[in-house]
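Data block below; observations after.
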Amino acid sequence: CCALPSKQQRRFPDDFLFGTATASYQIEGAWNVDGKGENIWDHMTHNTPEVIKDQSNGDIAADSYTNYKRDVEMMRELGLDAYRFSLSWSRILPNGLSNNINEAGVAFYNNYINEMLKYNITPIVTLYHWDLPQKLADMGGFMNPLITDWFEEYARIAYDLFGDRVKHWITFNEPREICFEGYGSTTKAPRANLTDVGTYICAKNLVIAHAKAYYAYNNYFKQRQGGECGITISVNWFGPLTESSEDEAAAEIKRQSEWGIYAEPIFSQQGGFPREFTEKVAQKSVEQGYSSSRLPEFTEEEKNYVRGAYDFFGVNHYTAYLISASEYLSDFAVPSLNDDVGVGTYSPPEWPLSNSTWLRLAPNSIYNSLTHLKARYGDVKFYITENGWSESVTGNDEGRIRYYRAALESVLDSLDAGVNLKGYMAWSLMDNFEWMEGYTERFGLYAVDFEDPARTRTPNKSAFVYKQIIKTRVIDHDYEPDSTTMTID
Ligand code: PNW
């Protein structure tokens with residue numbers, strides 16, 4: 001009846017990687033088991049539980065440390081081509097440094113990877129998804145330029161241990177969430193709240209750390225192991241509220257501040273931080289009485305080192321916002337990144353809302369983001385490394401199904417437009433510890449019963465829909481699963 005027949009026929013290429021994504025702290029549990037060291041999320045949730053909505057933590061989470069075979073069974077039920085997960089740095093290196101490798105932690109990841117490979121599921125490994133070893137945080141974390149060496153050493157150890165089987169490496173998950181949320185505000189661990197310069201110092205150190213880990217792979221492992229290395233950046237779409245040139249300019253500066261400060265140094269021809277943003281922070285800093293800009297500079301040598309340090313661009317995409325030069329302005333901390341940018345952000349209420357305040361279903365937002373990135377950075381290889389929807393309900397998750405169908409249509413639009421997009425990872429395989437929201441927001445294709453010591457996993461309706469799309473390589477908007485029992489095809 002409803003969907004356009006021409007759209008219905010569009011197919012995903014056979015070699016397009018369909019997967020799901022998770023992160024170590026959100027699923028593993030076993031926070032102090034078998035020699036794992038403390039990380040900043042253990043530290044924060046144990047010492048200040050009140051900052052988490054339900055005062056919970058990841059001590060047990062979905063207990064994937066115990067249930068990893070069931071996780072792989074779920075991947076097989078879905079028919080996944082790939083699975084993206086992250087390594088817990090302090091499970092492998094308990095104090096973060098290279099002198100002490102925890103063999104039990106290494107064995108866990110070997111088992112997880114080998115179990116996937118047994119069933120032809122391609123592992124995509126993120127080295128850092130926010131769980132910094134506490135010892136490194138005590139030494140300044142991402143405020144200390146030595147993070148670039150600590151991270152490179154950890155990366156080399158991971159390539160050496162797992163690179164015979166892992167061919168897709170992601171250095172960092174979401175620099176913005178690490179730097180702005182962790183250091184420039186209080187919305188993620190370590191809640192440093194260094195609003196003036198925290199985000200900027202972190203951004204510079206992080207992109208250099210990424211580049212060092214990239215060249216370690218490129219120069220010492222790639223030839224032998226034959227894999228690829230990139231970074232995942234959260235790229236939501238920021239469009240202009242109106243067609244005025246003021247709103248266009250406001251949207252552009254917003255994009256630069258949200259993801260440009262991490263993407264531009266790596267993916268642009270000229271390297272370094274984005275130009276308009278650099279000028280804006282410099283001007284604000286002078287007005288505020290600083291003798292130099294709060295945004296650090298890259299030396300020419302650093303610029304040249306960082307630019308081009310990638311094999312692919314991983315995009316975590318969730319939603320969109322409309323940006324205004326003059327409306328919807330808030331009371332931002334002064335000085336801060338948001339004050340430096342000074343634009344208004346609007347979320348149209350007619351865009352359906354998830355169970356997360358920040359997440360609405362926005363039209364064409366994947367297409368808008370990817371075609372913009374391609375226009376700006378050229379014909380880069382992309383993966384969507386996360387995309388997903390939160391619900392409070394389990395089982396009949398119609399909102400999630402609507403979201404995934406719309407998102408995947410936008411993926412097809414992007415492929416039609418010639419974007420070199422190689423894969424799509426749904427967030428998430430299963431419900432997990434949703435950071436500051438604890439267990440109150442569920443992103444899983446599989447529901448997890450967190451009251452049950454066995455952490456039983458049950459497929460939501462969306463799991464059947466995603467499975468059908470993977471199997472047929474088309475989006476059938478009328479498909480209704482005829483069973484609630486999963487099988488392995
Ligand atoms: C991602 N936004 O973070 C993370 O990589 C996951 O660990 C997390 O569970 C997932 O999204 C769901 O929240 C994001 O404001 C945080 O648009 C915020 C945004 C996007 C992604």
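Ranked by the mean number of other Cβ atoms within 10 Å of their residues, highest first, the peptides 21-34, 182-195, 333-346 come out as 21-34, 182-195, 333-346. When the label point is put 7 Å from the Cα of residue 381 along its Cα-to-beta-carbon vector, which residues of segment 147-190 have a backbone N closer than 17 Å? Those under the cut-off are 163-172.
The value of relative contact order for the chain, using C-alpha pairs under 8 Å at least six residues apart, is 18 percent. Taking 41 Å as R0, compute the FRET efficiency from the Cβ-Cβ separation of residue 417 and residue 288 and round it to 0.05. For residue 417 and residue 288, the calculated efficiency is 0.45. Rounded to the nearest 20 debye, the dipole size of segment 5-71 about its Cα centre is 560 debye, using +1 on the Cβ of Lys and Arg and -1 on the Cβ of Asp and Glu. Suppose the chain between residue 242 and residue 392 were pulled fully straight at 0.36 nm per residue; how much longer would it get relative to their current alpha carbon spacing? So the chain would gain 50.7 nm between residue 242 and residue 392. You can think of it this way: the chain between residue 139 and residue 276 has 46.0 nm of extra reach, that is 0.36 nm per residue less the Cα-Cα gap.
Determine the shape class of segment 184-257: with a ≥ b ≥ c the square roots of the Cα gyration tensor eigenvalues, call it rounded for a/c under 1.5, and otherwise prolate if a/b is greater than b/c, oblate otherwise. Oblate is the answer for segment 184-257, as a/c is 1.5 or above yet b/c matches or exceeds a/b.
Judged by the gyration tensor of its Cα atoms, with axes a ≥ b ≥ c, segment 212-354 is oblate; a/c meets the 1.5 cut and b/c is at least as large as a/b. The phi-based Karplus calculation (6.51 cos²θ - 1.76 cosθ + 1.60; θ = phi - 60°) puts the 3J(HN,Hα) values of segment 165-178 at 10, 9, 10, 10, 10, 10, 5, 10, 9, 6, x, 4, 6, 5 Hz, whole numbers, x for Gly and Pro.
Let's test the formula: R0 of 22 Å, r as the Cβ-Cβ distance of residue 328 and residue 187. What FRET efficiency results, to the nearest 0.05? Mind showing how you got there, number by number?
Numbers: r = 20 Å, r/R0 = 0.89.
E between residue 328 and residue 187, to the nearest 0.05, is 0.65.
The modelled label-to-label distance for the pair residue 353/residue 372, using points 7 Å beyond Cα in the direction of Cβ, is 2.3 nm. Simple spin-label estimate for residue 110 and residue 269 gives 4.8 nm between the two label positions (7 Å along the Cα-to-Cβ direction from each Cα). The GluC sites (Glu not before Pro) of segment 169-270 meeting both criteria, a DSSP state outside H, G, I, E and B (loop) and at most 15 other C-beta atoms within 10 angstrom of the site's C-beta, are 243. In plain terms, the C-alpha convex hull of segment 11-63 casts an average shadow of 6.0 nm² when viewed from every direction.
As a proxy for reagent exposure, ranking 415, 127, 78 by other Cβ atoms within 10 Å from fewest up yields 415, 127, 78.
In terms of overall dimensions, the chain has a Cα radius of gyration and Dmax of 21.5, 67 angstrom.
The simple spin-label model puts a point 7 Å past each Cα toward its Cβ; for residue 402 and residue 364 those points are separated by 2.0 nm. Based on alpha-carbon atoms, the Kirkwood radius and the radius of gyration of segment 211-295 give Rg/Rh equal to 1.13.
Coordinate-derived values only; no laboratory data. Not measured: the values here are computed from a predicted model. Here the Cβ is made from the backbone with ideal geometry for all residues, glycine too, and neighbour counts use every protein chain on show.
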